[in-house]
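First the structure, in the form of structure tokens, and then the observations on it.
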Amino acid sequence: MSAITDPPQGSFRLSMLINDTRYRSYTFQALAAIVLALCLGFFYANVSTNLAAAGLNISYDFLGSPAGYDINQRLIEYDSQSSNARAAVVGILNTLLVAFLACVTATVFGVLAGVLRLSNNWLVSKLMAFYVEIFRNIPVLIWILIIFTIMIAVLPGPRAFRGDEPEARMLLDLFAFTNRGVYTPGPYFTRGLGLEGNGGINWLIVLGVLVASFFGTRAVTARANATQEATGIRPNTLWTNLAIWFLPVIVLLFVLGLKWDIPELKGFNFAGGIKVGGPLIALWFALSIYTGAFIAENVRAGIQAVSKGQTEAAGALGLRPGRIMSLVVLPQALRVIIPPLISQYLNITKNSSLAIAVGYADITATLGGITLNQTGRAIECVLLLMLFYLTISLLISTFMNIYNNSVKLKER
Amino acid sequence: MSDTQAHMAAFVRTETLPQLDPPVTERGIVKWMRENLFSSIPNGILTLAAFAVIYSILSSALPWILNGVWTTSSLSECREVLEGATGACFSVLTERWNQLMFGFVYPSDQYWRPTLAFVLLFVAAAPVMFFDLPRKLLIFTALFPFIAYYLIWGGTILVPILALVGVVAGVMVYRQLVAGSFAMGFFGGVVAAVVVWAIGGLLIPDGANDTAALQAVPSRDLGGFMLNMMLGVVCVSLSIPLGIALALGRQSSMPLIKWICVIFIEFIRGVPLITLLFVASVMLAYLFPPGTTTDLFLRVVIMITMFSSAYIAEVIRGGLAALPKGQYEAADSLGLDYAQAMRLIILPQALKISIPGIVNIAVGLFKDTTLVSVISMFDVVGMIRGPLSAATEWNGIYWELYGFAALLFFVVCYGISQYSQWLERRLATDHR
């Protein structure tokens, strides 16, 4: 008598494809592969017949032809004779610009609201709860539209700044808030180190100095830590660090000859300075306050996730409140806060595609809007659009995975 | 001892005094304010700042709302009535209420139909949301999609009846075959339903819509808040089963199935909903055989359902991952097969853990239905941006309209999230 665990001997029968767990998974996968292939073939056949019927083909040549439309808000040189590809690049840069700005301000709003919501102050914590609930529960599209329409309706036109007794005044004579956008002073260099007419090089040098300062302060802090380890006394690093941060940059800006270009009213509009268009402001502000409400909840959850015993234990070790926060509570809270925070950044980037509703020229509005409508290349445009967002998402999630692995609790 | 004390003290109180009230700063509202509003100087400043914010909001909003005019027929009449005083012109809401709710082409004598469907939605949703109600009500929930379809789209009653018959046939075949294996039952049921629909489709005579009791309304005539509600309800309810299937597929040990699900989920989560809506409006037509005209509403439903099912799949995957491995092993050791283990042991627990996440996705999805206004469908935001802003009588009205849309969404979304918190407490079976 053989053991009952022996597999049944005998020849292969067709019913084993379904009933035998050794073969069943292969059956299902083969079926899935067939169905998938059939679907793809079906779609491919339809696309090719439909395109042939419409006299079209899949081709990306349109990217090289002139776009034929203007873009007001742009970070690089562009005019209506530039190619569609360049219009798409302008759109990509605009998407990244508004996403970056909104990420920064949303983090500020969110951290502020999240911390204040945990405050002992009853009124402030209720006010913050109100903010969070109001902004989380109303679609971001409505916020964008509200802010955009209100901006246009409430802010004065440029002509209101004219005359001896103007209806509107510039803030500090530096900033002009009009219904076409906000004009702010713009920095420029009188003595460029780089090539003639190329401001970018100068800014790169400034950036390089700032990065060097960052590593300089890191080195100072590391040496202070080493001294503390060796002697038990921590040298005061505040003034050294401040000097490393500010002195080189100030000297450099002085050498380069930094001047501010202040906007002034010329004719029907403001000239000079930097113009931040109304759509950009509406989108930026709406995304910030909307996502800020979500980040506030993440921050609150993160801080609450650190058990009170941690604070008490740190206090029992004799740490001061500031150091308790920076050495014990924050490192643990950040472990909880940062992953959802990064996915909120991803949401901001994706929600910035709503720019199309207010006419901000991001990638969705240029490539997926005007270019698509003018060239009729629906499939190519939508595919490129998806490719761009997919790349951004995958980059951000790769970064998040690396971060998660680095802060993961190391278990033995 | 007591003797010496009695000698030394001239007077000793023999009974205790009644307790004094705590000092005025330590009781009642004063104590509460000291502790909660003015516990330290920075806190006091914060409180005053908060009061300033609240005052500035209320002082501008309250007169505006309280002075509101509700009964004029244009903005200029509103201004005449107000005579320069601050006040809202809410008349746009009363005057254009039907357009905000149903869009501007839904036949006006048929408004009772979507309204009735909306009321019935609560009856249908009640037994799903509240477990204490009699289970018999679930029969109505099962019938509701067909009733709602008939009410909103109208046309011949044969279509929803045929759909219902197909579903019933599918369920009956499934019941017969499921004893053998779940997969057999499932696919058998689907095949049976499709066969019934195909045969029945031939039986419905052409022009049946013309003689129907309820006037047929094409999907492009749907609009207003009704469109948001319909997209929200339909897409959420379709995407939950799809999301479960995707989550299980992603956990599957079969590499092909797993990778199909992973690629689908990551692709959908990586692109904004608006690009998917572009696909629905300009690209999906290329994917269907020439000559088939699927209406925009259906295409949008397909894309939004795909979108939300990917997100729901990730939430459910979290729930599945949170279950201890022992649950899977226990199911195996009881001799349950995969479908039984999932249905009876794993999914009930995983779904319970996932409820808050699923509700979050549902709320987010409902908010995202406003995006259809970008592809020129006239939902409530599309109505405000398009026909209502363009109307000469109401040109220049912003706050009232957008405020109203915001209020609609706030009420629904806040209500759902409160319900989800209640449900979480209700389902908490662990003892704390």
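Quick check on my filter: what residues within the stretch B:1-23 are open to solvent by less than 90 Å² (accessible area, probe 1.4 Å) and either modelled with pLDDT of 80 or more or outside any loop (DSSP other than H, G, I, E, B) (or both)? Give the derivation first.
From the stretch B:1-23, those open to solvent by less than 90 Å² (accessible area, probe 1.4 Å) are B:2, B:4, B:6, B:9, B:22-23; that's our starting set.
Hits for the stretch B:1-23 are B:S2, B:T4, B:A6, B:P22, B:P23.
Filter the stretch A:102-122 for residues that are among the polar types (S, T, N, Q) and in a helix (DSSP H, G or I); which is nearest to A:N298 (Cα to Cα)?
First pass over the stretch A:102-122, keeping only residues among the polar types (S, T, N, Q): A:105, A:107, A:119-121.
Retained after the next criterion (residues that are in a helix (DSSP H, G or I)): A:105, A:107.
On the way: A:T105: 16, A:T107: 11 Å.
Looking at residues that are among the polar types (S, T, N, Q) and in a helix (DSSP H, G or I), I get A:T107.
For the stretch B:30-40, what are the residues that are open to solvent by 60 Å² or more (accessible area, probe 1.4 Å), assigned to a helix (DSSP H, G or I) and within 12 Å of another protein chain (Cβ to nearest Cβ)?
B:W32, B:M33, B:R34, B:E35, listed by residue number.
Could you figure out which of (1) under 13 Å from the mean Cα position of the chain (by Cα); (2) part of a loop (DSSP other than H, G, I, E, B) isn't true of A:N351?
The single condition A:N351 does not satisfy is (2).
If you scan the stretch A:378-388, which residues turn out to be open to solvent by less than 40 Å² (accessible area, probe 1.4 Å) and under 18 Å from the mean Cα position of the chain (by Cα)?
We begin by selecting, within the stretch A:378-388, every residue open to solvent by less than 40 Å² (accessible area, probe 1.4 Å); these are A:378-382, A:385-386, A:388.
A:L385, A:M386, A:F388, listed by residue number.
Only one of A:T375, A:T391, A:T366 is open to solvent by less than 40 Å² (accessible area, probe 1.4 Å) and of a type in the set (S, T, Y); which?
Details: A:T375 fails: open to solvent by less than 40 Å² (accessible area, probe 1.4 Å); A:T391 fails: open to solvent by less than 40 Å² (accessible area, probe 1.4 Å).
A:T366 is the lone residue from the list that is open to solvent by less than 40 Å² (accessible area, probe 1.4 Å) and of a type in the set (S, T, Y).
Away from chain A (no Cβ under 11 Å), over 21 Å from B:V234 (Cα atoms) and of a type in the set (A, V, I, L, M, F, W, C): which single residue out of B:L248, B:L296 fits that description? Talk me through it step by step, then tell me what you get.
Details: B:L296 fails: over 21 Å from B:V234 (Cα atoms).
That would be B:L248, the only listed residue that is away from chain A (no Cβ under 11 Å), over 21 Å from B:V234 (Cα atoms) and of a type in the set (A, V, I, L, M, F, W, C).
So, in the stretch B:106-130, how many residues would count as being open to solvent by less than 20 Å² (accessible area, probe 1.4 Å) and part of a loop (DSSP other than H, G, I, E, B)?
Here the count works out to 1.
Can you list residue pairs whose Cβ atoms sit under 7 Å apart, with the first residue in the stretch A:212-223 being within 13 Å of A:P235 (Cα to Cα) and the second being open to solvent by less than 60 Å² (accessible area, probe 1.4 Å) and of a type outside the set (A, V, I, L, M)? Count only pairs 6 or more apart in sequence or on different chains.
Note: pairs meeting the criteria are A:V220/A:T237; A:V220/A:N241; A:T221/A:T237.
Looking at the stretch B:226-244 only, could you name the residues that are within 12 Å of chain A (Cβ to nearest Cβ) and either open to solvent by 40 Å² or more (accessible area, probe 1.4 Å) or not small (G, A, S) (or both)?
Hit for the stretch B:226-244 is B:N228, nothing else.
Please state which one of B:A405, B:A391, B:A313 is under 30 Å from B:C78 (Cα atoms) and under 21 Å from the mean Cα position of the chain (by Cα).
Of B:A405, B:A391, B:A313, the one residue that is under 30 Å from B:C78 (Cα atoms) and under 21 Å from the mean Cα position of the chain (by Cα) is B:A405.
Go through (1) open to solvent by 50 Å² or more (accessible area, probe 1.4 Å); (2) at pLDDT 90 or above for B:T292 and report which single condition fails.
Result: B:T292 passes all but (2).
Quick one: would you say A:L116 is closer than 28 Å to B:N43 by Cβ and either touching a residue at least 24 places away in the same chain (Cβ under 8 Å) or open to solvent by 30 Å² or more (accessible area, probe 1.4 Å) (or both)? Walk me through it before giving the result.
Working: closer than 28 Å to B:N43 by Cβ: yes; either touching a residue at least 24 places away in the same chain (Cβ under 8 Å) or open to solvent by 30 Å² or more (accessible area, probe 1.4 Å) (or both): yes.
Yes, satisfied.
Filter the stretch B:251-272 for residues that are at the interface with chain A (Cβ under 9 Å from one of its Cβ atoms), open to solvent by 10 Å² or more (accessible area, probe 1.4 Å) and either of a type in the set (D, E) or assigned to a helix (DSSP H, G or I) (or both) and give the result.
Looking only at the stretch B:251-272, we keep the residues that are at the interface with chain A (Cβ under 9 Å from one of its Cβ atoms), and these are B:252-257, B:260, B:266-267, B:269-272.
Next cut, open to solvent by 10 Å² or more (accessible area, probe 1.4 Å) only: B:252-257, B:260, B:266-267, B:269.
Those that are at the interface with chain A (Cβ under 9 Å from one of its Cβ atoms), open to solvent by 10 Å² or more (accessible area, probe 1.4 Å) and either of a type in the set (D, E) or assigned to a helix (DSSP H, G or I) (or both): B:P255, B:L256, B:I257, B:I260, B:E266, B:F267, B:R269.
Checking B:A61 against (1) surrounded by 11 or more Cβ atoms within 10 Å (Cβ to Cβ); (2) of a type outside the set (D, E); (3) part of a loop (DSSP other than H, G, I, E, B): exactly one of these is not met. Which one?
It fails just one condition, (3).
Based on this model, can you work out whether B:P205 counts as surrounded by fewer than 14 Cβ atoms within 10 Å (Cβ to Cβ) and in contact with a Ser or Thr (Cβ under 9 Å, 6 or more places away or on another chain)? Don't jump to the end; show me each part of the working.
Values: surrounded by fewer than 14 Cβ atoms within 10 Å (Cβ to Cβ): yes; in contact with a Ser or Thr (Cβ under 9 Å, 6 or more places away or on another chain): yes.
Taking the combined requirement at face value, the residue satisfies it.
To keep it simple, each residue is scored yes or no on (1) of a type in the set (D, E, K, R); (2) under 26 Å from B:N228 (Cα atoms); (3) open to solvent by 10 Å² or more (accessible area, probe 1.4 Å).
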{"residue": "B:V300", "(1), (2), (3)": "no, yes, no"}
{"residue": "B:L334", "(1), (2), (3)": "no, no, yes"}
{"residue": "B:A339", "(1), (2), (3)": "no, no, yes"}
{"residue": "B:R343", "(1), (2), (3)": "yes, no, yes"}
{"residue": "B:G364", "(1), (2), (3)": "no, yes, yes"}
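The values are calculated or read from the model by the stated rules, or taken from the named source; none is laboratory data. Computed from a prediction, not measured in an experiment: that's the story for all the values here. Positions of Cβ are generated from backbone atoms using ideal geometry, with glycine treated the same way; all protein chains shown enter the neighbour counts. Areas reflect the complete protein model, heavy atoms only, side chains present, ligands, DNA and RNA absent. Shrake-Rupley method; radii C 1.70, N 1.55, O 1.52, S 1.80 Å.
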